[in-house]
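The values are calculated or read from the model by the stated rules, or taken from the named source; none is laboratory data. Since the structure is predicted, the reported quantities are computational estimates derived from the model, not experimental observations. Positions of Cβ are backbone-derived with ideal geometry, glycine not excepted, and every protein chain shown enters the neighbour counts.
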Amino acid sequence: MAGLKIREAQIADALIPDLQEEVININLVQKQTDAGEKSRFRAVVAVGNRDGYIGLGSGKARQVRNAIEKAATDARLNIVPVRRGCGSWECGCGRPHSIPFQVEGKTGGVRVVFVPGPRGLGLVVSEVSKVILGLAGIKDCWTRSFGSTRTIPSFAYAVFDALKETYSLITPSDWVR
């Protein structure tokens with residue numbers, strides 16, 4: 001049944017058995033209460049199989065380990081496929097090493113643009129993008145980023161939004177005559 005949302009993280013592990021997880025960011029967040037400040041940790045975790053599937057999630061808890069576990073569970077529930085291809089005009093090899101076309105993602109005050117690169121280029125991106133694109137299985141890509149990119153959670157979610165766009169955009173090869 002296509003199109004149904006995964007509601008348990010164990011189902012994602014069964015469907016995609018070789019998932020790897022990476023911690024993107026851990027932050028201390030505080031809430032002001034009448035008794036003082038209430039401190040918690042916020043973690044952002046990415047999961048992927050390095051072969052076209054990526055998920056990103058966040059979680060908050062009073063202890064770091066619990067926050068990371070919540071974020072990993074959330075990431076497994078948000079797994080999306082990533083369309084890969086050879087979209088660079090310089091390459092034309094036909095192997096799925098890059099993205100098939102230019103995509104753009106936006107979250108909060110951050111906007112990210114990914115441009116397909118030729119084979120052997122590598123990832124010309126920041127460290128956060130390198131982790132997420134590596135887990136998605138993309139090996140060659142250029143990037144441009146705009147806005148407040150130092151906000152790591154917003155930047156990570158903008159990268160994730162751009163990767164989701166690879167399947168939501170319709171390319172000329174998808175047109176039916």
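Observations on the structure shown:
- In a residue-by-residue description of region 91-103, the property of being buried (at least 20 other Cβ atoms within 10 Å of the Cβ), in contact with a Leu (Cβ under 9 Å, 6 or more places away or on another chain), at pLDDT 90 or above and not polar (S, T, N, Q) applies to at least one position.
- Test result for Val45, at pLDDT below 95 and in a strand (DSSP E or B): no
- When Leu56 is tested against (1) buried (at least 17 other Cβ atoms within 10 Å of the Cβ); (2) of a type outside the set (Val, Ile, Thr); (3) assigned to a helix (DSSP H, G or I), only condition (3) is not met.
- Region 6-28: number of residues that are touching a helix residue (DSSP H, G or I) at 6+ places or on another chain (Cβ under 8 Å), surrounded by fewer than 12 Cβ atoms within 10 Å (Cβ to Cβ) and under 22 Å from Pro153 (Cβ atoms): 1
- Some residue of region 29-37 being loosely packed, with under 15 Cβ neighbours inside 10 Å, assigned to a strand (DSSP E or B), hydrophobic (A, V, I, L, M, F, W, C) and outside the structural domain of Lys130 (by TED's automatic domain parsing): yes
- Checking region 61-82 against the condition returns a match, with at least one residue being assigned to a strand (DSSP E or B), modelled with pLDDT of 95 or more and surrounded by 14 or more Cβ atoms within 10 Å (Cβ to Cβ).
- Within region 25-52, the set of residues being in contact (Cβ under 8 Å) with a residue 24 or more places away in the chain and over 17 Å from Ala71 (Cβ atoms) comprises Asn49, Arg50, Asp51, Gly52.
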